[in-house]
Amino acid sequence: FIKLKNAEGVYRGGKFFVTALSPDSENYPGHVININFKGKPTRHLIKTNDHDDILRVNKKSYGPHTTLESLIDALSGDELPAGWPIKLNRTIDRDSGKTISSRPQ
């Protein structure tokens, strides 16, 4: 896991990484997507609600996505879901810190 204070210079303009929440978190099971937005590192909770299996980002749905891969694909697409402000175009490998494509060719 890259600590946010160390990641500020590493991920910019759509670069992101996703971390799983630990079992002792009050939001477990869930994930956090870490994104640089408008020059600042931001964190957004990804999880389902109690009524269905649709993944939400900060309690907002961006489509009928039930897998993390499907949600990331939608947020990385050329046409972003309504209300989502930035295209996710690169992800950070959490072990090496290197940038990799979120949409491999």
(request) Within the stretch 30-45, track down each residue that is buried (at least 18 other Cβ atoms within 10 Å of the Cβ) and not in a strand (DSSP E or B). (result) none
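State which residue is most open to solvent (accessible area, probe 1.4 Å) when the search covers only the stretch 71-81 and only residues that are touching a residue at least 12 places away in the same chain (Cβ under 8 Å) and either out of contact with any helix residue (DSSP H, G or I) (no Cβ under 7 Å at 6 or more places or on another chain) or assigned to a strand (DSSP E or B) (or both). Show your work before the answer.
Keep residues of the stretch 71-81 that are touching a residue at least 12 places away in the same chain (Cβ under 8 Å), which gives 71-76, 81.
Narrowing the set further to residues that are either out of contact with any helix residue (DSSP H, G or I) (no Cβ under 7 Å at 6 or more places or on another chain) or assigned to a strand (DSSP E or B) (or both) leaves 71-76.
Numbers: LEU71: 1, ILE72: 21, ASP73: 75, ALA74: 22, LEU75: 1, SER76: 2 Å².
Filtering first and then ranking leaves ASP73.
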(request) Give the residue that is modelled with the lowest pLDDT, with candidates limited to residues of the stretch 1-20 that are open to solvent by less than 30 Å² (accessible area, probe 1.4 Å) and more than 12 Å from the chain's Cα centre (by Cα). (result) ILE2
(message) So, in the stretch 46-58, how many residues would count as being modelled with pLDDT of 95 or more and surrounded by fewer than 16 Cβ atoms within 10 Å (Cβ to Cβ)?
(response) 2
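The values are calculated or read from the model by the stated rules, or taken from the named source; none is laboratory data. None of the values given here were measured: they were computed from a predicted structure. With ideal geometry, Cβ positions are generated from the backbone for all residues, glycine too; neighbour counts draw on all protein chains shown. Accessible surface is based on the protein model in full, side chains and every heavy atom, while ligands, DNA and RNA are left aside. Shrake-Rupley method; radii C 1.70, N 1.55, O 1.52, S 1.80 Å.
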